[in-house]
Amino acid sequence: PQMATPVRLLVCSIGNPGPYLNTLHSAGHTVLSALANALSYPSFQKSRAHGNGLVSAGSEFTLWQSSSLMNVSGVGLTAAWQQFQKEGRGEDARLVVVHDELELAPGQLKVKSGSASTRGHNGLKSINGLLRGTEYTRIGVGIGRPESREPDVVAGYVLRKMSAQERIKVEGCVGKVEMELRRM
């Protein structure tokens with residue numbers, strides 16, 4: 001019987017660099033770092049070829065963290081995806097984007113198609129604008145939301161540092177993320 005061709009997965013996180021690294025908006029990065037740790041993957045290295053993102057390639061998945069600001073993350077991610085496809089030997093390649101999700105409680109997960117509504121998430125808008133119909137899977141990591149929906153209040157909320165409790169909850173979903181990836 002013919003063996004199923006292994007699927008190569010590029011798992012990307014989007015967020016903000018530098019001083020905003022441990023904020024709620026960068027929950028995707030927090031989860032990907034915890035996943036690399038859990039899988040004993042090599043430490044993330046900057047890769048010019050992969051849109052200047054940070055890459056940790058393991059036996060099962062290639063993990064990629066955007067190094068740009070959230071609102072323009074589509075540029076680097078698209079470059080990384082094109083490079084990842086080039087490196088394949090005809091295997092089926094799939095793209096997964098891990099991002100923060102206001103509509104879920106901290107640490108909850110939701111898996112959706114990349115074509116689902118971005119609900120005002122500028123990082124996802126940037127990606128969809130550049131990937132132009134490329135199919136991908138989104139894993140939203142819950143960060144909770146403030147009472148108010150005022151843009152300034154929401155921006156202040158997502159850009160603040162995670163509390164210790166929030167961080168524990170966000171990192172706590174790594175096992176569920178790994179399970180979802182293995183299903184793909």
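Report, please, the projected area of segment 11-94 averaged over directions, based on the convex hull of its C-alpha atoms, in nm².
Taking the Cα atoms of segment 11-94, their convex hull projects to 5.3 nm² on average.
Compute the angle between helix 73-87 and the longest alpha-carbon principal axis of the chain, please, reported from 0 to 90 degrees and rounded to the nearest 10.
10 degrees
Could you give me the radius of gyration and the Dmax of segment 44-184, taking only the C-alpha atoms into account and expressing both in angstrom?
According to the Cα coordinates of segment 44-184, Rg and Dmax are 15.4, 49 Å.
Test of the criteria: in segment 95-184, which GluC sites (Glu not before Pro) are in a DSSP loop and have at most 13 other Cβ atoms within 10 angstrom of their Cβ?
Glu103, Glu135, Glu147
With a 1.4 Å probe and all protein chains kept in place, how do Arg94, Arg149 rank by accessible area, largest first?
If we order Arg94, Arg149 from most to least accessible, we get Arg149, Arg94.
So what's the projected area for segment 121-184, the Cα convex hull averaged over all directions, in nm²?
Averaged projected area of segment 121-184's Cα convex hull equals 5.8 nm².
Taking the Cα centre as origin and putting +1 on Lys and Arg beta-carbons and -1 on Asp and Glu beta-carbons, what dipole magnitude results for the chain, to the nearest 20 debye?
180 debye
At 1.4 Å probe size, with every protein chain present, just tell me what the per residue accessible area of segment 47-184 comes to in Å².
52 Å²
Ranked by accessible surface with a 1.4 Å probe, highest first, in what order do Met184, Met162, Met70 come?
The most accessible residue leads, giving Met184, Met162, Met70.
Which value, in Å² rounded to 10, gives the accessible area of Arg160 with a 1.4 Å probe and all protein chains present?
Rounded to the nearest 10, that gives 90 Å².
Take the Cα atoms of segment 71-120, build their convex hull, and give its volume per residue in Å³.
Considering the Cα atoms of segment 71-120, their hull volume per residue is 109 Å³.
Sequence gap at least 6, Cα distance under 8 Å: using those rules, report the relative contact order of segment 1-144 to the nearest whole percent.
RCO, segment 1-144: 29 percent.
Among Leu181, Val153, Gly140, which residue has its Cα positioned farthest towards the positive end of the charge dipole of segment 128-184, with +1 placed on the Cβ of Lys and Arg, -1 on the Cβ of Asp and Glu, and the dipole taken about the Cα centre?
Leu181
The values are calculated or read from the model by the stated rules, or taken from the named source; none is laboratory data. It should be emphasised that the depicted structure is a prediction, and the values quoted were computed from it without experimental measurement. Glycine also receives a Cβ, built like all others from the backbone with ideal geometry; neighbour counts cover every protein chain displayed. The area values use the complete protein model at the heavy-atom level, side chains included, leaving out ligands, DNA and RNA. Shrake-Rupley method; radii C 1.70, N 1.55, O 1.52, S 1.80 Å.
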